[in-house]
Amino acid sequence: MNIGILGGTFDPIHNGHLALARAASARFSLNRVLFVPSNIPPHKPKLSLTPFIHRYSMVALATQGEKRFQPSLLEAPDFTVPRTSSSLKRQEATVNYSIDTVRKLKASLKKSDRLFFLIGIDAFIDIAKWREATALLSECAFVVASRPGYSLREVAESLPEGLRPASPVILPFHKQPAAGDLVLPGVTLHLLEDVNYRVSATAIRAAAAAGKPLARWVDPHVADYIRKLSLFSRK
Ligand code: ATP
């Protein structure tokens, strides 16, 4: 089986995430895509995120119509029913690292399964700073999607130093910014050029706070959930 994993804060999940998962599914014949809401992403530790349970619920709502798409609890905080609100805070404060998540997932897969790590270019350009980046890149293939405002040229240059290709290898790659592959010792990167969905969760939170309709950017059930629970309204 071909399995995709798409991690994110999903605060909220939006059509850009779904477009990425659909494009990767079509191109790599993915049988399953796991959407993994992160608990506390290491790169955004101080960000005040919507509680995990709401972000997970929105992922479940947005993926319910597509059989291959599954919400995942791989990075869920340890929800033993909290006795006090401070013990809930402590549980939610666990930071997740992708290398641990991928290893945990791979331990549950068959040898014949192929894993694809789906990621947008804005996140990939920081990959060298991730925990055990080189090990992570060798654990599975990466599918890096374009995003408005970013160039796929930045992909090769973002690799950890030891993996960065020498310039003769980069050059043909630069000349072919259309979808392509970069196969180097210890890393396989697939580039998806056709995901150009101009949307971000940040913009959606701002639109929700301003009372604007969200239907253009998110699944209707997610829009309803945000509205009914006043998730992003200004306090
Ligand atoms: P925020 O605006 O809060 O930073 P976001 O919209 O970037 O959030 P995340 O949940 O942080 O969403 O993203 C999860 C993953 O999806 C990341 O790899 C990100 O690069 C990718 N992604 C998000 N939006 C898009 C998009 N419009 N097109 C392609 N990839 C995207």
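Could you count how many residues in the range 162-176 are at pLDDT below 75 and of a type in the set (Lys, Arg)? Don't jump to the end; show me each part of the working.
In the first step, residues of the range 162-176 are kept if they are at pLDDT below 75; the result is 165-176.
Right, trim to of a type in the set (Lys, Arg) and you get 175.
Residues meeting the conditions: 1.
Out of all the residues in the range 222-235, which are touching a residue at least 24 places away in the same chain (Cβ under 8 Å) and exposed (fewer than 15 other Cβ atoms within 10 Å of the Cβ)? Explain how you work it out, then say what you get.
First, pick out the residues of the range 222-235 that are touching a residue at least 24 places away in the same chain (Cβ under 8 Å): 222, 225-226, 229, 231-234.
Scanning the range 222-235 gives Leu229, Ser233, Arg234.
Just to verify a result, which residue in the range 136-161, among those that are touching a helix residue (DSSP H, G or I) at 6+ places or on another chain (Cβ under 6 Å) and away from the ligand (no atom under 15 Å from the Cβ), is modelled with the lowest pLDDT?
Arg153
Hey, any hits in the range 177-197 for a residue that's assigned to a helix (DSSP H, G or I), surrounded by fewer than 19 Cβ atoms within 10 Å (Cβ to Cβ) and modelled with pLDDT of 80 or more?
The initial filter retains those residues of the range 177-197 that are assigned to a helix (DSSP H, G or I), namely none.
No, because not a single residue in the range 177-197 is assigned to a helix (DSSP H, G or I), surrounded by fewer than 19 Cβ atoms within 10 Å (Cβ to Cβ) and modelled with pLDDT of 80 or more.
Taking the options Arg32, Arg27, Arg22, name whichever one is at pLDDT 90 or above and within 13 Å of the ligand (Cβ to nearest atom). Walk me through how you get there before you give the answer.
Working: Arg32 fails: within 13 Å of the ligand (Cβ to nearest atom); Arg27 fails: within 13 Å of the ligand (Cβ to nearest atom).
The conditions single out Arg22.
Considering only the range 1-19, state which residues are more than 7 Å from the ligand (Cβ to nearest atom) and in a helix (DSSP H, G or I).
Residues of the range 1-19 more than 7 Å from the ligand (Cβ to nearest atom): 1-5, 12-13, 15, 18.
Answer for the range 1-19, where residues must be more than 7 Å from the ligand (Cβ to nearest atom) and in a helix (DSSP H, G or I): Asn15, Leu18.
Given the criteria out of contact with any His (no Cβ under 7 Å at 6 or more places or on another chain), part of a helix (DSSP H, G or I) and β-branched (Val, Ile, Thr), does Val33 qualify? Reasoning before the result, please.
On the way: out of contact with any His (no Cβ under 7 Å at 6 or more places or on another chain): yes; part of a helix (DSSP H, G or I): no; β-branched (Val, Ile, Thr): yes.
No: the conditions fail for Val33.
The values are calculated or read from the model by the stated rules, or taken from the named source; none is laboratory data. Just so you know, these numbers come straight off a predicted model, no measurement behind them. Ideal geometry is used to build each Cβ from the backbone, glycine not excepted, and the neighbour counts take in all protein chains shown.
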